[in-house]
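Here the structure comes first, spelled out in structure tokens, and everything after it is commentary.
The values are calculated or read from the model by the stated rules, or taken from the named source; none is laboratory data. Everything numeric in this text was worked out from a predicted model, so none of it was measured. Glycine gets a Cβ as well: all are built from the backbone with ideal geometry, and neighbour counts include every protein chain shown.
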Amino acid sequence: MKIINTENAPAAIGPYVQAINVNGMLFTSGQIPVNPKTGEIPNNVEAQTQQVLDNLKAILDEASVSVNNIIKMTVFIKNMNDFTLINGVYEKFFLDNNAKFPARSCVEVARLPKDVLIEIEAIAVAE
């Protein structure tokens, strides 16, 4: 097992790591929309989604894993009414990275850490 940690994504706010590589599989912890440099959280769900995806990409980059190697994502959202807005940012992220879309689950939850609107975790094949 190899622990993945980068200063380009928010530090863990509990007893966990940003990601772990186990036998060529990368598992990220859920990422929330905290800017790792300023600690700020964007106000709207589209900006929050982009920040979460940027945080995930920073972890993937640290692990030398391409966005195209993501095989599964789980998306936790505060309000299912934001589903279409989130999908727009999500789709653009994969297209901008010339990556195929992974399998995905999306669930509405009652509450997320720091009262954010979205959290995403990923599983990828390490290169």
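General observations
- Hits in segment 85-127 - residues which are touching a residue at least 60 places away in the same chain (Cβ under 8 Å) and not in a loop (DSSP other than H, G, I, E, B): Pro113, Lys114, Ile118, Glu119, Ile120, Glu121, Ala122, Ile123, Ala124, Val125
- Residue satisfying all of: in segment 29-57; in contact with a helix residue (DSSP H, G or I) (Cβ under 8 Å, 6 or more places away or on another chain) and assigned to a helix (DSSP H, G or I); farthest from Asn69 (Cα to Cα) among these: Val45
- Subset tally (residues that are more than 8 Å from the chain's Cα centre (by Cα), buried (at least 17 other Cβ atoms within 10 Å of the Cβ) and small (Gly, Ala, Ser)) for segment 30-58: 1
- Close pairs (8 angstrom Cβ cut-off, 6 or more residues apart or separate chains): at pLDDT 95 or above in segment 27-49, of a type in the set (Phe, Trp, Tyr) anywhere: Ser29/Tyr16; Gly30/Phe76; Thr49/Tyr90
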